[in-house]
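No lab work stands behind these numbers, since they all come straight from the coordinates. All of these numbers come straight from a predicted model, not from anything done at the bench. Here the Cβ positions follow ideal geometry from the backbone for every residue, glycine too, while neighbour counts run over all protein chains shown.
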Amino acid sequence: MTIPRIFQADFQAAAAQLRVPEMGTEVVAPLLANLVRLIRPRRVLEVGMGYTTPFLAAELADLREGARAEAAALAEKTRRHLADAEQLDNDWLLADPPLVTPAAHTEPYQPRLAVVDNLQDPDSSAKRVTEVLEELNLDDSVTVVNADMKELADHLPADFRPIDFAWVDAWECLYFFDHLMDLVNPDGGVVVMHYLMSYPEGEAVLRYIAEYQRKHPGELEVLNLLESHKLMQNSITVLSRTAGRTKRRYAKLGGAIDYGTELHTAALRQAGIR
């Protein structure tokens with residue numbers, strides 16, 4: 001199994017050039033990368049460049065390559081299985097790549113990352129990010145937007161919607177929530193905000209979000225996670241838009257996979273059989 005790029009020594013050394021202790025993202029950066037690996041978003045936005053930027057870029061590059069190989073292996077195992085059997089079954093499900101749904105590969109996975117920063121924070125490493133991305137050969141996969149948060153919507157590429165995953169590491173989290181959440185995919189799009197717990201202004205933002213959630217049931221899920229050993233830069237708030245969530249049910253009662261017509265047809269299409 002290939003070691004993810006973010007854990008390789010050359011990546012760690014390059015990314016370390018961007019680490020700023022007071023930004024507090026040494027644990028958050030790999031966590032964001034793993035969330036991206038879990039969710040596999042297509043359009044990723046970062047507001048506030050820095051140590052986390054190469055982690056997101058590297059993970060998306062790995063995912064792009066991995067998804068291509070996964071799609072080919074899935075099609076091959078489907079063709080191989082159906083050459084010997086009429087229907088899909090648990091042997092097909094557990095063969096490499098195990099558990100993968102054909103619906104995930106109906107079109108190529110080509111994720112994109114846009115990063116937004118006005119480069120005005122003197123304590124940030126944002127100005128050095130492009131050099132590190134070049135060193136890691138990741139600069140071609142990232143769109144850098146030099147703009148304020150309030151200009152973000154006007155500066156994003158026209159086809160960069162909906163946003164599937166956003167990392168907001170900026171003071172204006174409330175502005176993002178009030179004015180830019182509509183850009184986020186209502187079908188489970190995720191926004192991660194940095195450091196809203198354990199200080200008055202951030203707690204006010206959390207109360208505001210909680211009130212919105214109360215008034216709009218079913219539209220938003222919220223999770224706050226505290227790094228309890230730290231005095232500041234010590235939390236993330238994870239928001240997921242659910243107003244337009246697509247119902248996905250792959251199994252019957254008891255958890256057994258439904259190998260019915262829908263799955264069979266999707267597998268044939270993905271394998272290029274029909």
Problem set entry | Sorted peptide list for 60-73, 219-232, criterion being average Cβ within 10 angstrom, highest first | 60-73, 219-232
Exercise. Relative to the compact globular guide of 2.2 N^0.38 Å, what is the alpha carbon radius of gyration of region 100-151, as a ratio?
Worked result: 1.57
Exercise. At what distance in angstrom do the alpha carbon centres of region 118-178 and region 96-115 lie from each other?
Worked result: 24 Å
Exercise. Under 12 Å Cα-Cα from residue 127, which aspartates and glutamates qualify once same-chain neighbours fewer than 8 residues away are excluded?
Worked result: 117
For this session: Return the long-range amide H neighbours of residue 43 (sequence gap of 5 or more, or a different chain), with a cut-off of under 5 Å between placed amide H atoms.
Result: 112, 164, 165
Problem set entry | Efficiency of FRET between residue 76 and residue 258 - r from beta-carbon atoms, R0 30 angstrom, step 0.05 | 0.85
Problem set entry | For the chain, share of DSSP beta bridges that run antiparallel, in % to the nearest 5 | 40 percent
Exercise. Which aspartates and glutamates have a Cα less than 20 Å from the Cα of residue 77, not counting those fewer than 8 places away in the same chain?
Worked result: 65, 86, 89, 91, 96, 107, 258, 262
For this session: For region 75-173, state which GluC sites (Glu not before Pro) are in a DSSP loop and have at most 10 other beta carbons lying within 10 Å of their beta carbon.
Result: 86
Exercise. How long are the semi-axes of the ellipsoid equivalent to region 97-255, from square roots of 5 times the Cα gyration tensor eigenvalues, in whole Å, largest first?
Worked result: 28, 24, 16
Problem set entry | Cα Rg, Dmax, the chain, angstrom units | 20.6, 64
Problem set entry | Within straight-line cross-link reach of residue 215, lysines at Cα separation under 27 Å, skipping those fewer than 8 residues along the same chain | 150, 247
For this session: Under 14 Å from a label point 7 Å along Cα→Cβ of residue 83: give me every residue in region 243-274 with its amide N that close.
Result: 273
Exercise. Just going by the charge dipole of the chain, with Lys and Arg at +1 and Asp and Glu at -1 on Cβ, which of 213, 179, 167 is farthest out on the positive end?
Worked result: 213
Exercise. Rounded, prolate or oblate: which fits region 1-68, taking a ≥ b ≥ c as square roots of the Cα gyration tensor eigenvalues, rounded meaning a/c under 1.5, else prolate when a/b beats b/c?
Worked result: oblate
Problem set entry | Packing-based order for 31-37, 208-214, using average beta carbon neighbours within 10 Å, highest first | 31-37, 208-214
